[in-house]
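Since the structure comes first, as structure tokens, the remarks are kept for the end.
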Amino acid sequence: MEQYAIRGGNPLVGEVEIGGAKNAALAILAAAIMTDETVIIENVPDVRDTNVLMQAMESIGVQIERIDRHTVKINAQPINNVVIEKDFIKKIRASYYLIGALSGKYKKAMVALPGGCNIGLRPIDQHIKGLRALGVEVKIEHGLIVTEAERIKGSHIYMDVVSVGATINIMLAAVMAEGRTTIENAAKEPHVVDLANFLNSCGANIKGAGTDMIKIRGVAKLHGTQYAIIPDQIEAGTFMFAAAVTKGDVTVKNVIPKHLESISSKLLEIGCEVEESDDAVRVVAAKPLVHTHVKTLPYPGFPTDMQPQIAVTLALSQGTSIVTESIFENRFRYVDELIRMGANIKVEGNTAIIDGVSQYTGASITAPDLRAGAALVIAGLAAEGITTIDDIKYIERGYEDFHLKLQLLGAQIEKVNTERELQKFNLKTG
Ligand code: EPZ
């Protein structure tokens, strides 16, 4: 089984290039099926989730050509059915964007209920409420979400919880609806804005994305476009905390610093230096790190997708820190693994109370999900000795070439497949 083998202790130093945002790419790839004209999408990250989504799109007839590793050419004109029930699609959350996109274009869809990372209950009631408000009949049958509509009519939709997925799905279903739709209490995440920009470049009429009120005037048809996806805020944040925890000096390049403000603020609070330029952020951790408190919130608050990475850093910072997870209830599953590495953390409900220790020690651990897995990698980079991490398939869902990018910053990390390869790594790095 593939593992990461890490020998910790090297400060990360240098520059790292950030790729396209996975969660924006998932929404935009699904949206690309809403026009019969050709769409070219640039800066698509080559990660498992985007590849699985494209495989699902191909299974219903969408033509997808990879022009290069990060550019895809999509033509949805040959779509020949609206049923996606293959097992593989259950592995990803974003399969549900195909419900919004197919319903919006063909007025019907049948898609397997979504899976995704095990980070807590992940209901879809707000998606269903939004679709129904637009006149779409929604049923759950035999593990599939089945939709059908005679007409899709614009509506005023108030979201009871701020949901990225439901906001995106409703935008997709409403973009070609008759009349106007307003989404109140909408999610404001950068990928919601990126989707709106993409759809507008295809001829949609969406205003207000990035605020809590999105206004959509339905258009009859969308046309082709060429569009580049925004940089991945969470990949960037992960490298920023990797710099902090290893006492390094890393410049993350190709980012939008505005999207990283909540992350930069926390790094400043714990004693790092953060320098911003137009499209890069440099993090230097020259002084001892100190405790802080953090609560995850929808954008522009501190992202839940960065909660494990900050916790791993706080567990090596002086004093007592409190981390409150307010979005997903099951996002502390990495804590047991971190305790094996010497961390002092107690979880009570949705709060982790962290007493900083001076050192982690390497251990054999398992990635419980995508972001927690990445956080455990950065813990391994700071630990004394060897850490091995199993289940790296989770990490590969959302990080392209993670270990290779870390190697370029001076990390001793390799993917190993066998005991023998692990021994070789131990000898080489010892
Ligand atoms: C998106 O998930 C991201 N996934 C997640 O990224 C991210 O953690 C999350 O947003 C929050 O930022 C994708 O973009 C593919 P939500 P999503 O709907 O859309 C509740 C990663 O690591 N809710 O914003 O599934 C829900 O339970 C991942 O890249 C309802 O109650 O999240 C949660 O408490 C993991 N009813 C809150 O809303 C609904 O119908 C926010 O969830 C929908 C959601």
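Bear in mind that the values in this text are calculations on the coordinates, not laboratory data. Keep in mind that this is a model prediction, so the values were computed, not measured. Note: ideal-geometry Cβ built from the backbone for every residue, glycine included; neighbour counts use all protein chains shown.
Annotations for the structure displayed:
- With 5 Å bins from 0: P(r) over region 205-249, alpha-carbon pairs, percent: 5, 14, 11, 13, 16, 11, 9, 8, 7, 4, 1
- Region 251-378 - percent relative contact order, Cα under 8 Å, separation 6 or more: 21 percent
- Structural descriptor for the chain: relative contact order 21 percent, calculated from alpha carbon pairs under 8 angstrom and at least 6 residues apart.
- Beta bridges assigned by DSSP with both partners in the chain are antiparallel in approximately 70 percent of cases.
- Candidates Gly362, Gly237, Gly410, ranked by Gaussian network fluctuation over the chain, Cα under 10 Å, top entry: Gly410
- What the Cβ-Cβ distance of Val83 and Lys129 gives, at R0 = 25 Å and to the nearest 0.05, is a FRET efficiency of 0.60.
- Dipole of the chain [Lys/Arg +1, Asp/Glu -1 at C-beta], most positive-end residue of Ser364, Ala187, Asn23: Ala187
- Note on the chain: semi-axes of the ellipsoid equivalent to its C-alpha gyration tensor, largest first and rounded to whole Å, are 38, 22, 20.
- Annotation for Asn330 and Glu348: the two label points, set 7 Å from Cα along the Cα-Cβ direction, are 2.4 nm apart.
- Convex hull volume per residue in cubic angstrom - Cα atoms of region 22-228: 100 Å³
- Remark: relative contact order (region 312-401) = 29 percent; criterion is Cα-Cα distance under 8 angstrom and separation of 6 or more residues.
- The chain: angle of helix 164-174 to the longest principal axis, Cα-based, in degrees nearest 10: 20 degrees
- Pairwise centroid distance, computed over Cα atoms, of region 270-287 with region 232-261, Å: 8 Å
- Part-to-part distance (alpha-carbon centres) for region 56-70 and region 374-430, which is given in Å: 31 Å
- Between Met54, Ile216, Ser277, the Cα set farthest toward the positive side of the dipole of the chain (charges on each charged residue's Cβ, about the Cα centre) is that of Ile216.
- The slack in the chain from Thr71 to Ser265, taken as 0.36 nm per residue of separation less the alpha-carbon distance, amounts to 66.5 nm.
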